[in-house]
Amino acid sequence: MDTMPTWDEVVEMAQQLPEVEVTTWYRTPALKVAGKGFARLRTEAEGGLVLMCGLDEKEALLATGDPAFYTTPHYDGHGSILVDLTKVDAGQLKELIEESWRQKAPTRLKRGEASHD
């Protein structure tokens, strides 16, 4: 994938994981697992894709200085990272989607997911 990932490609990557539902969250396109949102396409001025992550991972991503990752004051102290789809590496995006899914998926699904490896 040489071009920037689109929302449709984000959905495609996420649908490799168990029980992913394409829905809306705050009236914007989103992905949920077991009724819990783990990805949301922002229509706010700053745009971007919201993905869940641990605060330590968020700090590490921001510390890299990679322009694909950013945050806004609204997300300070929250376990989520904003991803610029025009700048992110597709392979890294896939890993972040999987991690975001793991943050919200029930234990029974995470156990099942591990057996697919």
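A straight Cα-to-Cα reach below 21 Å connects Lys104 with the lysines Lys32, Lys36, Lys58, Lys94, residues fewer than 8 places away in its own chain not being considered.
Quick check on the chain: helices-only [θ] at 222 nm, where DSSP H runs of length 4 and up contribute -39,500 (n - 2.57) each and the sum goes over total residues. Nearest 500, please.
-10000 deg cm²/dmol
Each of Arg27, Arg40 was scored by other Cβ atoms within 10 Å of its Cβ. Arranged with the fewest first, they read Arg27, Arg40. For the range 28-117, the relative contact order is 29 percent, taking Cα pairs closer than 8 Å that sit 6 or more residues apart in sequence and dividing their mean separation by the residue count. Computed from Cα positions, the angle between helix 90-104 and the longest principal axis of the chain comes to roughly 60 degrees. Remark: the Thr86-Tyr26 segment gains 19.4 nm on full extension, using 0.36 nm per residue and subtracting the alpha carbon distance.
Its Cα centre serving as origin, the chain has a Cβ charge dipole (Lys and Arg +1, Asp and Glu -1) of approximately 580 debye.
Bear in mind that the values in this text are calculations on the coordinates, not laboratory data. None of these values were measured; they are calculated from a predicted model. Please note: Cβ atoms are built from the backbone with ideal geometry, for glycine as well, and neighbour counts cover all protein chains shown.
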